[in-house]
Amino acid sequence: MQHTNHDLHHGHDHDHAHHEPGFWGKYVFSTDHKVIGIQYAITALVFLFFGFSLMMLMRWQLAYPGKAIPLVGSLLHNMLGDAAPGITDASGKITGYIMSADLYNAFGAMHGTIMVFLGIVPLAFAAFGNFVVPLQIGAPDMAFPRVNMASYQSFVVGGVIMLVSFFIPGGAASAGWTSYSPLATLGSTHGQTFWIIGMVFLITSSLLGAVNFIATIIQMRAPGMNWMRLPFFVWAQFVTAFLLLLAFPPLEAAAVMQLMDKVAHTSFFLPTGLVVSGQLANISGGGSPLLWQHLFWFLGHPEVYVLILPAMGIVCEIIANNTRKPIWGYKSLVYSTLAIGFLSFIVWAHHMYLTGMGTKISTFFQTTTMIISIPSVIILTCFFISLWGGSIRFNTPMLFCLAFLPMFGIGGLTGLPLGFNYSDLFLHDTYYVIAHFHYIVAPGTIFALFAGIYYWYPKATGRHMSEFWGKVHFWLSFLFMNLIFQPMFVQGMAGLNRRLYDGGATYAGVADPATGLVVGIPQVFLDLNKMISHAAWALALVQIPFIINFFWSMKNGKKVTSDNPWEATTLEWQTPTPPPHGNFLTEPHVYRGPYEYSVPGHGKDFTPQNEPEHGAPQPIPQKAH
Amino acid sequence: MEIPYTVKPRPDTGLYNAKVGIWLFLASEVMLFGALFSAYILLRVGASAGTWPHGLLNVTLGTINTIVLITSSITVVMAWVSLKLNQFGKFKMYQAITLLCALAFLGIKSVEYKDKFSHYQIIKKDGTYVDGHMHGATYLDKEGKSREEHKFHGLSFKENNVEYSLKEVVLNGIEAAQLSEINEPHKDKEHKHEHKNISVPAAEIQKINNYGPWHNTYMAIYFTLTGLHALHVIGGALVIGFLWGPGAKMWRTEPERFTNRIEVSGLFWHFVDLVWIFLFPVLYLL
């Protein structure tokens, strides 16, 4: 576009009388929403890989229980001590280091915590939201830039506390990412206390972010950007922000109460007559373990939509752009998203059918759970129909989005048996559940996030990531994701319980000599563990092209030839590349909806939102003053 | 481009940015306290008969604190109105009263807290209860020399390498055969519970603890709710204090923005008061 070569500094000078910020001011303590978005993205990607690494180690234990950990065994032992104890051969010589059960539990709990609260939420919501939302609504920045910076800093503090907890005596929290009491409360180590305090920082970070996003979307829309002209991505972030704003505080309350149970010896979640290791616990009692579960899942379920809605937003933008067609059913998407936002607050107890909370309550939550699947299906259907008759550009972001649709579909549909009370009784706490929610979050959300990275990378850096390596990354990730999670459905339906330290070896099926019936889990299902683990490690290997591509392309990628390389309609492509501080050279005016692709009678197949009516050419932006 | 609507309201929403922000923040605060109130309801409904204390807190002090906070809510509004009327001196006066109210509230609250920490309950080995404020405790060292203390130091304690063990405690309170006599005095019209000094030898004590958060779930939720509320009072007072002191400089340069700041901090202050309006009946009266 015309203003690619404009001097980036002039957008800055008139904005701020003070001097040009130095390195620290520009990249570390920045209040610019784009820098904060990138900070969030890189931090969250690091955490994602770290959380994945924990799981790769756990997959070793599941596939080869009790065998010495290859490659990193002695490193683990040096860092974590006896949590990774040595094993000896016949002569007493240490031949390697294994994963203790406690370490397995800690890794399991922290894998969940890190992936959800330090990986996906910051990447999907904070990173993409920060970078894209103000640009898409035509705003110069977020409404509260300093609050935005505080949000990122609080996130980093929370993350550091979580990481430090691995190295304290007794190790990190090990009661699962759900931290059910009394298990979480009664342990004598401090991992859980670190977890709670870390969570309080992460919740604070989300809260500050959510307030900022909503205020920005309400207050900072450019002239003409009315609600029904907002790109769907902005709507998705808007609803997500409300979920974070309203669902996280009850978890904060629960965290405060669990902290009181840990440090002030209260009994919020500890019942009367609790017996620990054969002894009556010295507590006042009178508390309710169910109370924790209610408060946790009151966050936990909206959290699922926090994970998926931004992903849907990204997919919508990229599908519209690459089908060169208006998205089908824009209003249905918006209203469905609002319906999901509302309904997600009244489905939480479908995670608790097994707790004996009562059949009437179960019936209520079963009903609401079935109702919430309707707007989800509407959204997915709109995306599928949007493909119909399009002349699709199969670039890397689009491939990830196209994979998202069936992957999210599998994840969603396999959730139905879990939403029904009676089928959940069997499937609950098995690998089926793991497969179900990972299909939503891993090949679902994470694929959409990859798509978003490939899609907006040129706007952030001025260069494209390599298409070839992008496609390699896509096809191999697609293959291995399915090889990891598809067998878990089978294992789960065979009755293999989750959270088993040895991958179910203890319960391996033995043929009863009298009848020939196999009691336990048949070996064929346990053997799948090895296959899944190999696929998981392979998945890690095929992320290497992505990591190299991500950093290499910053300096060496193909330069963008215009500010709008994808020929998109939304406002983020109507800025210089990369956008300067303050984003737009002149205040954009919005004249049309977000997806005016291939409008008959127009010369080109896309009409940007800020193009005036009657197709009059847009004036070349002049230097702002 | 500058960030718009930092001071002037956006025409179609009628709000400036910070006002949207504070209302959203308060919405999340409602959910935070809402969750704790839900916990209160669940714990109370689930409590076994006779275990939930009634009339434990000092209603007079609670009422005074309620009046103190309502007064501060009025002065916060008056301070904002004074700025709108361009009367900076009056603003200073009203916010000074607000800050004094905040201090008074916290002072009274700490008196109430202190009272609970010196209030003990003993479960005797015969299963009966002694409940009352600590009058004194007698400790013995190894040679059998006794030592009087006004405070309770546990069943034994060490000082200057001398170990002292408890001989007896004296509580100023009542004896009861059942917990419900202590927790539900309003239901028990037959016994007249006159407070007197009751001495309990260490050998008869099964369990002794004071009315801290560890005492029972009522005390747990009482301390958690009022503690969290007190943190909000402190936070609000710090912000109001800053805007009253060093932050007031802004009045000379950007009066409208400063007035907005007072409005936003006032909204927060009203919320903090409102939480107390719920806390007072729930914890003191019901």
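The values are calculated or read from the model by the stated rules, or taken from the named source; none is laboratory data. Everything numeric here is computed off the predicted structure, so don't read it as measured data. When we count neighbours, we look across all protein chains shown, and the Cβ atoms used for this are built from the backbone with ideal geometry, even at glycine.
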Name the single residue, out of those in region A:117-176 being of a type in the set (S, T, N, Q) and under 20 Å from residue A:245 (Cα atoms), that is surrounded by the fewest Cβ atoms within 10 Å (Cβ to Cβ). A:153
Selection within region B:10-32 - at the interface with chain A (Cβ under 7 Å from one of its Cβ atoms) and among the β-branched types (Val, Ile, Thr): B:13, B:20
Check whether at least one residue in region A:175-189 is more than 14 Å from chain B (Cβ to nearest Cβ), in a helix (DSSP H, G or I), closer than 26 Å to residue A:306 by Cα and not hydrophobic (A, V, I, L, M, F, W, C), and report yes or no. no
Can you name every residue in region A:190-220 that is within 10 Å of another protein chain (Cβ to nearest Cβ) and either touching a Pro at 6+ places or on another chain (Cβ under 8 Å) or closer than 18 Å to residue A:163 by Cα (or both)? A:203, A:207, A:216, A:219, A:220
If a residue counts only when it is hydroxyl-bearing (Ser, Thr, Tyr), under 30 Å from residue A:39 (Cβ atoms) and in contact with a helix residue (DSSP H, G or I) (Cβ under 9 Å, 6 or more places away or on another chain), which helices (runs of 4 or more DSSP H) contained entirely in region A:345-460 have at least 2 such residues? none
Identify, from the list A:214, A:283, A:203, the residue that is crowded, with 19+ Cβ neighbours inside 10 Å, part of a loop (DSSP other than H, G, I, E, B) and in contact (Cβ under 8 Å) with a residue 12 or more places away in the chain. A:283
Return a yes/no flag: does region A:222-231 have any residue that is in a helix (DSSP H, G or I) and not aromatic (Phe, Trp, Tyr). yes
Taking residue A:581 and the conditions (1) closer than 30 Å to residue A:503 by Cβ; (2) crowded, with 22+ Cβ neighbours inside 10 Å, which numbered condition does it fall short on, given that it satisfies the others? (1)
Which pairs do you get when a residue that is touching a residue at least 40 places away in the same chain (Cβ under 8 Å) and closer than 21 Å to residue B:197 by Cα, found in region B:150-173, comes within reach of a residue that is surrounded by fewer than 14 Cβ atoms within 10 Å (Cβ to Cβ) and not hydroxyl-bearing (Ser, Thr, Tyr), reach meaning Cβ atoms under 6 angstrom, with the pair 6+ apart or on two chains? B:172/B:195; B:172/B:197; B:173/B:195
Residues of region A:461-496 being closer than 23 Å to residue A:532 by Cα, assigned to a helix (DSSP H, G or I) and in contact with a Phe, Trp or Tyr (Cβ under 7 Å, 6 or more places away or on another chain), in sequence order, are A:473, A:474, A:485, A:488, A:489, A:490, A:491, A:492, A:493
When every residue in region B:33-52 that is in contact (Cβ under 8 Å) with a residue 24 or more places away in the chain and facing chain A (nearest Cβ under 7 Å) is compared, the one nearest to residue A:204 (Cα to Cα) is B:36
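A quick yes/no check of all residues on (1) in contact (Cβ under 8 Å) with a residue 24 or more places away in the chain; (2) buried (at least 17 other Cβ atoms within 10 Å of the Cβ):
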site	(1), (2)
B:178	yes, no
B:219	yes, yes
B:236	yes, yes
B:249	no, no
Test residue B:83 against the stated conditions and say whether it is surrounded by fewer than 20 Cβ atoms within 10 Å (Cβ to Cβ) and either assigned to a helix (DSSP H, G or I) or touching a His at 6+ places or on another chain (Cβ under 8 Å) (or both). no
Being touching a strand residue (DSSP E or B) at 6+ places or on another chain (Cβ under 6 Å) and modelled with pLDDT of 95 or more narrows it down to one of A:530, A:559, so name that one. A:559
Among the numbered criteria (1) more than 19 Å from the chain's Cα centre (by Cα); (2) over 30 Å from residue A:569 (Cβ atoms); (3) at pLDDT 95 or above, which single criterion is violated by residue A:383? (2)
For residue A:233, all conditions in the list (1) over 25 Å from residue A:321 (Cα atoms); (2) more than 14 Å from chain B (Cβ to nearest Cβ) hold save one; what is the number of the exception? (1)
I need the strands (runs of 3 or more DSSP E) fully contained in region B:125-192, keeping only those with at least 1 residues that are of a type in the set (Gly, Ala, Ser) and under 18 Å from residue B:115 (Cβ atoms). B:129-140, B:162-176
Go through region B:231-286 and report how many residues are acidic (Asp, Glu) and touching a Lys or Arg at 6+ places or on another chain (Cβ under 9 Å). 2
